[in-house]
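J.: Would you mind keeping the following structure in view while I ask a few things?
Read-outs: derived from the displayed coordinates by stated rules, not from any lab. On a predicted model such as this, the values are computed, not experimentally measured, just so you know. Note: ideal-geometry Cβ built from the backbone for every residue, glycine included; neighbour counts use all protein chains shown.
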Amino acid sequence: MNDIRSSVTVHRGADTIGGSCIRISHGADSIILDYGMPLMASGGHDLEPGATDKPSIENQILLDIVNENNKPLAFVISHAHPDHYGLIDYIPNDIPVYISNASKALMNVGNIFYDKSMHVDRLNDCSLYSPGKSFEIGPFKVTAFLMDHSAFGACSILVEVDGKSVFYTGDFRGHGRKAGVNDRVMRSVKNPDVMLMEGTTLDDGHPSTFRDEASVEQALVEQIHHSDAPVFVAGSGSNIDRIVSLYRAAKRTGRELVIDLYQMYLLEQLKAFSPGLPPHKGDALRVYYPKNQRDSILQHLGPEVLERYAPRHINKSKVDFTSSKYIFRVSNSVTSRLCAGFMDQGVKPNLVYSMWKGYMDRQLAFSKIENLVGSQWMYIHTSGHAYKADLLTLCTSVAPRALIPIHTLRARDFDSIFKNVKHIKNNESIEI
């Protein structure tokens, strides 16, 4: 009889949103799932100012998880959001890091456009996995499954070892444009010994005013139909589902959608994985060239990219500031300049806020734009994370023998919603 023991350890994420880090061990062997830049300190408290600029074990941004006495065989990253991959450059080079092919595409675009402090220097040294295709790391069999999430290509991860199984949901939802991909997970993963499931939206910061991405699109259409002014939408430039919603809303209302170079190049790169993504021939999609993004393209990609987008190019000198035909999804700085141009012509833009409300409190630019325009942002957003109904659907179908809350500030709320809940603190382990 095999007496080698297997266990799961949550190094970070038991009482926080973001920065999740999970170790799965079998005897002396282990692998680690996710190693992201934390968004908050333990319990949801604010991080020390400047801590993420110089990560260290002493300031608790880095975790003491790669020492010689506890060295993992590899790290496996679930998706391309910095709070899940942001610390991989601090992993010793002799430890492999696995990312999905779609995540590499997203991170490569980030290396072109993001500030250098957010670049992934070891990106080209990462090993790639494809969702649905199992691979082995030592004694572990690893299978990733595509999940519906606001990060394109996000995956859950099933780890099997010595007849035991651990299922990590990563970040997911069930109300986006890719909700159907969750069905394969629910068909394929049954009764794992341990499931680690996110519970981001169980706090009060993720209202379900708009139940799904379809309702966001419809609300955008209705807002645009009732407006005789240009519409500026504040939203994540990397949220592909939301860009598609804006694209479809523009098409349905006869408007022109204006995005920036980052979003355009990102869409182009992701078409390799999802050919139906915009742009499409003959559409009314326009591309704004912010100077910093233009410089990044010239430095990393060359002028031929700008030449390729030239037929769609629009800058401040080309905007008709007397027209209401535009929908803009651009940065706050560009929004301020363009809103001022419309106001100078007596045209008052409409403002739509389409992301997590917490960002509005943290960035003064949003209130400055309100003051400039003389109106408030209208909230039209659905979360990139699973609401309670989504969580219940997945958990009921998978039916784990033990359910560990992670990526949540409300772990205790799991007790009244789900069965077989097992609570462990950061750096505690549960034997499988």
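J.: What does the extension gain come out to for Ala340 and Ile314, with contour length at 0.36 nm per residue minus their alpha carbon separation? Display every interim value, and only then the final one.
T.: Numbers: separation 26, 0.36 × 26 = 9.36 nm, distance 1.68 nm.
Length gained, Ala340 through Ile314: 7.7 nm.
J.: Hey, what did the chain get for relative contact order, percent, Cα under 8 Å, at least 6 apart?
T.: On the way: 867 pairs, mean separation 87.5, N = 432.
Here the relative contact order equals 20 percent.
J.: Okay, next question. Please order Ser324, Ser238 by the number of other Cβ within 10 Å, starting at the fewest. Let's see the in-between values first.
T.: Details: Ser324 16, Ser238 19.
Lowest count first: Ser324, Ser238.
J.: So, one more: Does the stretch 1-135 come out rounded, prolate or oblate by the C-alpha gyration tensor, with a ≥ b ≥ c the root eigenvalues, rounded set by a/c under 1.5 and, if not, prolate when a/b is larger than b/c and oblate if not?
T.: Values: a/c = 1.81, a/b = 1.17, b/c = 1.55.
Oblate shape, in that a/c is at least 1.5 and b/c is the bigger or equal ratio.
J.: Remind me, relative contact order of the stretch 213-379 in percent, using alpha carbon pairs under 8 angstrom and six or more residues apart? Walk me through the numbers on the way to the answer.
T.: Details: 220 pairs, mean separation 51.6, N = 167.
Relative contact order comes out at 31 percent.
J.: Something else about it: For the chain, find the longest principal axis of its Cα atoms and tell me its angle to the long axis of helix 213-225, 0 to 90°, nearest 10.
T.: Helix 213-225 sits at roughly 10 degrees to that axis.
J.: How big is the dipole moment of the stretch 213-379 about its Cα centre under a simple scheme where the beta carbon of each Lys and Arg is +1, that of each Asp and Glu is -1, and everything else is neutral? Debye, nearest 20, please.
T.: The calculated dipole for the stretch 213-379 is roughly 140 debye.
J.: Set the bar at 26 Å for Cα to Cα. Now go through Lys54/Lys133; Lys316/Lys357; Lys318/Lys348 and name every pair that lies beyond it. Intermediate results must be reported in sequence, preceding the final value.
T.: Details: Lys54/Lys133 37 Å; Lys316/Lys357 29 Å; Lys318/Lys348 19 Å.
Long pairs (Cα-Cα over 26 Å): Lys54/Lys133; Lys316/Lys357.
J.: Also, quick follow-up: For the chain, rounded, prolate or oblate, judged on the Cα gyration tensor with a ≥ b ≥ c (square roots of eigenvalues), a/c < 1.5 rounded, else prolate if a/b > b/c? Show your work: numbers first, answer last.
T.: Details: a/c = 1.96, a/b = 1.73, b/c = 1.13.
Judged from the Cα gyration tensor, the chain comes out prolate (a/c at least 1.5, a/b above b/c).
J.: Right, something else. Can you give the calculated 222 nm mean residue ellipticity of the chain, where each DSSP H run of n ≥ 4 adds -39,500 (n - 2.57) and the sum is split over every residue, rounded to the nearest 500 deg cm²/dmol?
T.: Numbers: 12 runs with 117 residues, N = 432.
For the chain, the value works out to -8000 deg cm²/dmol.
J.: Of Asp171, Asp203, Asp241, which has the largest mean-square fluctuation in a 10 Å C-alpha GNM of the chain?
T.: Most flexible of the set in this elastic network: Asp203.
J.: Peptides 300-313, 351-364: what's the order by average Cβ count within 10 Å, highest mean first?
T.: On the way: 300-313: 12.7, 351-364: 15.4.
Taking the mean over residues of other Cβ atoms within 10 Å, the ranking is 351-364, 300-313.
J.: Evaluate the distance, in nm, between pseudo-label points positioned 7 Å from the Cα of Gln363 and of Ser429 along their respective Cα→Cβ axes.
T.: The two pseudo-label positions are separated by 4.2 nm.
J.: Determine which lysines satisfy two conditions relative to Lys251: a Cα distance under 19 Å, and not lying fewer than 8 residues away in the same chain.
T.: Partners found: Lys281, Lys325.
J.: Which shape class applies to the stretch 273-406: rounded if a/c is under 1.5, otherwise prolate when a/b exceeds b/c and oblate if not, where a ≥ b ≥ c are the square roots of the Cα gyration tensor eigenvalues? Provide the component values of the computation, followed by the final result.
T.: Values: a/c = 2.35, a/b = 1.48, b/c = 1.59.
It comes out oblate by the Cα gyration axes.
J.: Further, regarding this structure: How big is the gap, in Å, between the Cα center of the stretch 266-302 and the Cα center of the stretch 160-236?
T.: 25 Å
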